[in-house]
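Presented below is the structure to which this report refers.
What follows is calculated from the coordinates using simple rules that are stated; it is not laboratory data. These numbers come from a predicted model, not from an experiment. Cβ atoms come from the backbone with ideal geometry, glycine included; neighbour counts cover every protein chain shown.
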Amino acid sequence: MIWNKKMECAVPGDLKNIFSDRLKDIVEFIYQNNPLYKEKLDKAGVVPSDIKNIDDLSKLPFTTKDDMRISYPFKLFSSPLNKISEIHVSSGTTGNPTVVGYTKDDLKLWAEVMARTLCCAGAEPGDILQNAYGYGLFTGGLGLHYGALEMGLTVIPASSGQTKRQLKLMMDFKPRILSCTPSYVLYMAEEAREMGLDPRESSWEIGVFGAEPWSDLMRNEIEDTWNILATDIYGLSEIIGPGVAQECSYKDGLHIFWDVFYPEIINPDTDEPVEDGEAGELVVTTFTKQGIPLLRYRTRDIVSINYQKCRCGRTSPRISKIKGRTDDMIIVRGINVFPSQIEHVLLGIEGTQPHYQIVVDRKSGELDELEILVEVEEKIFSDEIKHLRALEEKIRKEIESVLGVFVKVKLVEPKTIERSMGKAKRVVDQRVL
């Protein structure tokens, strides 16, 4: 099933006028309604009348996560607060989070692209969706929820966690579709076996998994473990949340809904377009959002793009799985984590050294683990064990309050962490992705 055949199956050339009209409209809207963006466009020497068609997109300046952080909380909104129906936030680099606002029309748009997403994964009206993404300030849970309602699914808003309860819901309610992070579904398999259940006999037939990086090897493990079709979903809160792109059953790239989220792939070093099929940084322009529309937003995700028609019948381009990032952000259990956040906490705690290392690991069937090695002053390390444990616990609590994810903290002696003449190696990612 294809939710919006008119847009998802259109001849690409026939969409050029739509792209052009939407680009002109959104640039004019932003210029008239957002002083911060107006200043940015004026500085770049661009006024709305300069944008004649989609080919003029490259005239516009890029938008970055720093722009969103500096504009905290509402300066990048292009609609007044009394028109904003919903606000979500995601973690920022230090201090301020990223804030996104949705008007009523934005929420309808979100429901539309999420309906496309679920159909792309193989959902049918009348199916039951067990939604195990977190509800709340994180965009994952509500995004899937709105899309499911739009296309006529029955939603079990299970949210994340409470694994034994998740498995009971699956056994009793017989949902056909599961949505959660890929690491969590493998963790649920371990719990299922401990409960005497065979994961391959579950009611789930389709999985919509994302919010963290995962490999085709991990996909194979999930599909073999649960006897399920495991599909990848892509999104980011700055753009809309989940619903930017989604795999179909052929699993040959993620269909990006380019009539809404127009993609560019650039060389992150030169800012110039790459050749077709070449990997580069994904840049997205939101054509029709009103609350916080973005022009040429640099996602920092490295992907390639395929413009060929898919076997499923969709003509929308397909992006690859994320091949890497251009910044130092890592994703742990769906949460964005920046080393600078941890550094910011450590600098405020007496006795710690400015040397630390983040170790991320994921054992088969388990959730991501985040351990932080922290050097402490010699006099601290020589102190009584109970004082070391108290400092360890203090660091752990303060980091968890900033990151919103469970961490382990290990205090180590001075000069334990390897030094570098160049950029310090802050992150050791041991996950097999």
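So if we plug the beta-carbon distance of Asp55 and Lys5 into 1/(1 + (r/R0)^6) with R0 = 30 Å, what FRET efficiency do we get, rounded to 0.05? Please report the intermediate quantities before stating the final value.
Values: r = 27 Å, r/R0 = 0.89.
Calculated transfer efficiency: 0.65.
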Dimensions in Å of the range 224-263 - Rg and Dmax from alpha carbons: 11.9, 36
The range 70-327 - percent relative contact order, Cα under 8 Å, separation 6 or more: 16
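Find, among the trypsin sites (Lys or Arg not before Pro) in the range 1-74, those assigned to loop by DSSP (not H, G, I, E, B) with at most 15 other beta-carbon atoms within 10 angstrom.
Sites meeting the loop and neighbour criteria: Lys52.
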Cβ-based net charge around Arg176, under 10 Å, with every Lys or Arg adding one and every Asp or Glu removing one: -2
Among Arg165, Arg298, Arg333, residue whose mean-square fluctuation peaks in a GNM of the chain (springs only between Cα atoms under 10 Å): Arg165
Within a Gaussian network of the chain (alpha carbon springs, distance under 10 Å), most fluctuating of Glu238, Glu418, Glu221: Glu418
Efficiency of FRET from Cβ geometry, Lys174 and Lys309, R₀ 51 Å, rounded to 0.05: 0.90
Gain in span if fully extended, Asp105 to Ile70, counting 0.36 nm per residue against the direct Cα distance: 10.0 nm
Residue with peak Gaussian network fluctuation, the chain [Cα springs, cutoff 10 Å], from Tyr262, Tyr250, Tyr184: Tyr250
Cα gyration tensor shape for the chain, rounded if a/c is under 1.5, else prolate or oblate: oblate
FRET efficiency, 1/(1 + (r/R0)^6) with R0 45 Å, evaluated for Ala279 and Glu350 via beta carbons: 0.50
Ratio of the Cα radius of gyration of the range 70-327 to 2.2 N^0.38 Å, where N counts its residues: 1.00
Axial C-alpha extent at least 24 Å, average Kyte-Doolittle at least 1.0 - helices from the chain (DSSP): none
Theoretical gain in end-to-end length, Glu343 to Thr416 [0.36 nm per residue, Cα-Cα removed]: 24.6 nm
MRE, 222 nm, helices only [DSSP H, n ≥ 4, -39500 (n - 2.57), over the chain, to nearest 500]: -9500 deg cm²/dmol
